Amino acid sequence: MSIWKDYNSAAEQSNFDPIPAGTLAKVRMTIKPGGYDDHNQGWTGGYATQGQTGAVYLNCEFVVMEGQYSKRKVWSLIGLHSPKGPDYGNIGRSFVKGILNSARGVNPKDDSPNAQAARRINGLGDLDGMTFVARIGVRKDQNGVNRNEINLAITPDHKDYAALMGGNPNMPVGSASAPGVHAAPQSAATPLPNNRPSWAQ
């Protein structure tokens, strides 16, 4: 009999309850391109998205790489600009700085030339495919449903960073003294659920 008529052999349903708030995990970030560029800001390559309210952000998918929640996905936005003021963009810049510190193995207090170079990117596309350690949170979406989010990167000064990151962080490209990331093949963009806050629509 066809498996589409007899469901006794089908696997049990997956549990899609949110990952518990505060969980630390190694994740890989993929940016869903929104096609918005602003060369004056250095936003090129179509990675940014502009919402209906004028807010500009990166629409990101984070895949848990290993551990209990391996292969689970979390969707979050990284703010670049809001017409309401600079706070949204400043929070986004702080988060990206944390991602770079985490991905490239740089202590936040390290202000050496190498550390400063590690906190620079050539463009938003450098963030696509980056692997780092994140703290996963939970928030209610506009429908009151609990959703996971990621808005904090765990850096090398955290006691659990080394165990979670495992081995070497994202290794330099080119010169060994110029921190960077391996060029990762860009994965095809997949539709993301529309659980973004109202100001980012």
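The values are calculated or read from the model by the stated rules, or taken from the named source; none is laboratory data. In this text the structure is predicted, and so the values were computed from the model without any measurement. Virtual Cβ from ideal backbone geometry, glycine too; neighbours counted across all protein chains shown. Side chains included, ligands, DNA and RNA excluded: accessible areas come from the protein's heavy atoms. Shrake-Rupley method; radii C 1.70, N 1.55, O 1.52, S 1.80 Å.
The figures follow:
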read-out: Filter pass, W43 being open to solvent by 40 Å² or more (accessible area, probe 1.4 Å) and either free of Cβ contacts under 8 Å to residues at least 40 places away in the same chain or within 23 Å of A153 (Cα to Cα) (or both); value: no
read-out: Count - residues of the range 50-70 that are open to solvent by less than 20 Å² (accessible area, probe 1.4 Å) and among the hydroxyl-bearing types (S, T, Y); value: 1
read-out: Given (1) open to solvent by 70 Å² or more (accessible area, probe 1.4 Å); (2) closer than 20 Å to P156 by Cα; (3) within 18 Å of the chain's Cα centre (by Cα), index of the condition G129 fails; value: (1)
read-out: Which listed residue, of N146, N122, N151, is out of contact with any Asp or Glu (no Cβ under 6 Å at 6 or more places or on another chain), without any contact (Cβ under 8 Å) to a residue 12 or more places away in the chain and not hydrophobic (A, V, I, L, M, F, W, C); value: N122
read-out: Filtered residues of the range 22-40 (kept if surrounded by 12 or more Cβ atoms within 10 Å (Cβ to Cβ) and free of Cβ contacts under 8 Å to residues at least 12 places away in the same chain); value: D37
read-out: Failed item in (1) outside any loop (DSSP other than H, G, I, E, B); (2) more than 14 Å from L24 (Cα to Cα); (3) modelled with pLDDT of 90 or more, with W199 passing the rest; value: (3)
read-out: Scan of the range 111-127 for residues that are in contact with a strand residue (DSSP E or B) (Cβ under 8 Å, 6 or more places away or on another chain) and either closer than 18 Å to M165 by Cα or of a type in the set (V, I, T) (or both), ordered by number; value: L127
read-out: First in the range 1-21 and closer than 21 Å to E66 by Cβ, second anywhere and of a type in the set (F, W, Y), Cβ under 7 Å, 6 or more apart; value: I19/Y69
